[in-house]
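The values are calculated or read from the model by the stated rules, or taken from the named source; none is laboratory data. If you're wondering where the values come from, they're calculated on a predicted model, not measured in any experiment. Ideal geometry is used to build each Cβ from the backbone, glycine not excepted, and the neighbour counts take in all protein chains shown.
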Amino acid sequence: MRTTHDRLRHTILYETLLLALSVPLLSLILHQPPVKIGSLGIFFSTAAMTLNYVYNLLFDKALLRLGRPLYPRGWRLRALHALLFEGGFIFVTVPVEMAWLRYTLWQALVLDVGFLVAVPVYTFVYNWLYDWVFPPKLASKIAE
């Protein structure tokens with residue numbers, strides 16, 4: 001198990017690196033000022049972390065109510081978990097993108113689909129590299 005300190009470091013580095021990579025790129029692709037894209041990114045990052053905490057808590061409680069164990073989780077349950085979160089998060093991101101960027105519903109949906117493709121790839125690479133740089137045994141020794 002990873003320590004609380006390690007989990008916080010993981011989350012903060014994840015979001016910071018995602019913003020550092022995506023803000024300049026999206027600013028170029030979307031022809032929007034970096035400040036506008038950056039502030040939108042910070043809003044989404046904060047919303048995602050907050051909603052993810054609540055969502056994971058509710059998901060675990062739902063599993064317990066259904067008499068299902070919390071662990072182990074097979075790939076089907078993990079896929080359902082991820083799809084439900086991303087599907088629900090669209091209800092936050094699309095209206096905000098429409099207002100913030102003055103996009104149509106279609107433009108906001110296309111932008112979200114791009115994120116739905118790119119972010120899981122980033123997440124996979126990030127977690128692989130994080131585990132390589134901070135292996136669980138090393139992470140717990142650093143936190144002590």
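Could you say which residue among 95, 69, 120 is within 24 Å of residue 17 (Cα to Cα) and exposed (fewer than 14 other Cβ atoms within 10 Å of the Cβ)? Can you show your working first?
Numbers: 95 fails: within 24 Å of residue 17 (Cα to Cα); 69 fails: within 24 Å of residue 17 (Cα to Cα).
Among 95, 69, 120, only 120 is within 24 Å of residue 17 (Cα to Cα) and exposed (fewer than 14 other Cβ atoms within 10 Å of the Cβ).
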message: Condition check: in a helix (DSSP H, G or I) and within 24 Å of residue 128 (Cα to Cα). Does residue 6 satisfy that?
response: yes
query: How many residues, within the range 72-92, are among the charged types (D, E, K, R) and surrounded by 13 or more Cβ atoms within 10 Å (Cβ to Cβ)?
result: 2
- prompt: For the range 36-69, what are the residues that are hydroxyl-bearing (Ser, Thr, Tyr), over 19 Å from residue 99 (Cβ atoms) and in contact (Cβ under 8 Å) with a residue 12 or more places away in the chain?
  reply: 55
Filter result for residue 65 (basic (Lys, Arg) and either within 30 Å of residue 137 (Cβ to Cβ) or under 17 Å from the mean Cα position of the chain (by Cα) (or both)): no
message: Out of 38, 87, 74, I need the residue that is at pLDDT 90 or above and not β-branched (Val, Ile, Thr). Which one?
response: 38
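The rows are residues; the columns are (1) in contact with a Phe, Trp or Tyr (Cβ under 9 Å, 6 or more places away or on another chain); (2) not in a helix (DSSP H, G or I).
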site	(1), (2)
52	yes, no
56	yes, no
61	no, no
70	no, yes
73	no, yes
77	no, no
84	yes, no
90	no, no
query: Which of the residues belonging to the range 96-122 are of a type in the set (Val, Ile, Thr), assigned to a helix (DSSP H, G or I) and without any contact (Cβ under 8 Å) to a residue 60 or more places away in the chain?
result: 96, 110, 113, 117, 121
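Tell me, please, whether a residue that is touching a residue at least 24 places away in the same chain (Cβ under 8 Å), surrounded by 14 or more Cβ atoms within 10 Å (Cβ to Cβ) and among the hydroxyl-bearing types (Ser, Thr, Tyr) can be found in the range 131-143. Let's see the steps before the verdict.
Step one: of the range 131-143, the residues touching a residue at least 24 places away in the same chain (Cβ under 8 Å) are 134, 136, 139-140, 142-143.
Next, from what is left, pick out any that are surrounded by 14 or more Cβ atoms within 10 Å (Cβ to Cβ): 134, 139-140, 143.
Applying the additional criterion that residues be among the hydroxyl-bearing types (Ser, Thr, Tyr) yields 140.
Yes; the residues of the range 131-143 include at least one that is touching a residue at least 24 places away in the same chain (Cβ under 8 Å), surrounded by 14 or more Cβ atoms within 10 Å (Cβ to Cβ) and among the hydroxyl-bearing types (Ser, Thr, Tyr).
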